[in-house]
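Chemist: Below: one structure in structure tokens.
The values are calculated or read from the model by the stated rules, or taken from the named source; none is laboratory data. From a predicted model like this one, the values you see are computed outputs, not experimental measurements. Here the Cβ is made from the backbone with ideal geometry for all residues, glycine too, and neighbour counts use every protein chain on show.
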Amino acid sequence: MSFMPELKCHGRLMGYARVSTPEQKLDLQIDCLNSAGCIRIFKDHGISGAKAKRPGLDDMLAALKRDDMVVVYKLDRLGRSVLHLSDLLVRFQREGIHFSSLSEGINTATPAGQLTFHLFSAVAEFQRQIIAENTAAGLHAARRRGTRLGRPRRLSEKQAIDAAHTITKTGRRREDVAKRLGVSRMTLDRAIRRVGATA
């Protein structure tokens, strides 16, 4: 990148660089971030953007203060998805942190750059609504097919009935029966109520 825009903010310029595989180099990104005036550069080397945990990114987020500016070489270096990127930018705006992407010419410290925050906020909200609608439609379809939703039950219907009979016939304590079945007393009680047995 031959031209580096002059970045100005009241806080610090904090760079972030990432490559997905160990064979890739960070040199280009680091050179550009240094040229832009970053006083500190956080790095994730050989870590895919799809990873939820990125030590370099986590360290940077923990170090940021109001009026700082996060600087990246390209947008896709920061977020692992459009939704993740949108969430980060919304977080930056909420915490008074500016953002710049050198390749795309984004700089939220400028009036025009503020539009970036609003656009990504709208994108994040739109994607969440789509995810919620798709999830609701999937659950509705599963219920119509008779699919049982949620975690699998710890005790089968037969186990619950047998346990209830054991408690009523032998007088064994519920805690002992639950322990023998490898569940808690609360789980046993729920299973017995579910099958309508008495104990």
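Chemist: Given the conditions (1) crowded, with 20+ Cβ neighbours inside 10 Å; (2) touching a strand residue (DSSP E or B) at 6+ places or on another chain (Cβ under 7 Å), which single one is not true for residue 30?
Modeler: So the condition that residue 30 fails would be (1).
Chemist: Output the qualifying pairs, or none if there are none: Cβ atoms under 6 angstrom, residues six or more apart or on different chains, first residue in the stretch 86-105 and at negative phi, second residue part of a helix (DSSP H, G or I) and of a type in the set (Ser, Thr, Tyr).
Modeler: 90/121
Chemist: Which strands (runs of 3 or more DSSP E) does the stretch 9-106 wholly contain that include 2 or more residues that are among the aliphatic types (A, V, I, L, M), closer than 22 Å to residue 121 by Cβ and in contact with a helix residue (DSSP H, G or I) (Cβ under 7 Å, 6 or more places away or on another chain)?
Modeler: 69-72
Chemist: Do the conditions hold for residue 133, that is, is it exposed (fewer than 13 other Cβ atoms within 10 Å of the Cβ) and at pLDDT 90 or above?
Modeler: For residue 133, the condition - exposed (fewer than 13 other Cβ atoms within 10 Å of the Cβ) and at pLDDT 90 or above - is not met.
Chemist: Kindly indicate whether residue 103 is under 30 Å from residue 37 (Cα atoms), hydroxyl-bearing (Ser, Thr, Tyr) and under 24 Å from the mean Cα position of the chain (by Cα). Write out each step before concluding.
Modeler: Values: under 30 Å from residue 37 (Cα atoms): yes; hydroxyl-bearing (Ser, Thr, Tyr): yes; under 24 Å from the mean Cα position of the chain (by Cα): no.
So residue 103 fails the test.
Chemist: Something else about it: Being of a type in the set (Ser, Thr, Tyr) and surrounded by fewer than 17 Cβ atoms within 10 Å (Cβ to Cβ): is that true of residue 86 here?
Modeler: Judged against the criteria, residue 86 is not a match.
Chemist: Right, something else. If only one of 48, 20, 35, 2 is surrounded by fewer than 13 Cβ atoms within 10 Å (Cβ to Cβ) and either modelled with pLDDT of 85 or more or under 23 Å from the mean Cα position of the chain (by Cα) (or both), which one is it?
Modeler: Being surrounded by fewer than 13 Cβ atoms within 10 Å (Cβ to Cβ) and either modelled with pLDDT of 85 or more or under 23 Å from the mean Cα position of the chain (by Cα) (or both) holds for just one of 48, 20, 35, 2, which is 48.
Chemist: Any chance you could count how many residues in the stretch 150-189 are farther than 30 Å from residue 135 by Cα, small (Gly, Ala, Ser) and not in a helix (DSSP H, G or I)?
Modeler: Matching residues across the stretch 150-189 total 3.
Chemist: For a quick check of your reading of the model, give me the residue pairs whose first member lies in the stretch 115-143 and is in contact (Cβ under 8 Å) with a residue 12 or more places away in the chain, whose second is surrounded by fewer than 11 Cβ atoms within 10 Å (Cβ to Cβ) and part of a helix (DSSP H, G or I), with beta-carbon atoms closer than 6 Å and at least 6 apart or on different chains.
Modeler: Every condition considered, no pair remains.
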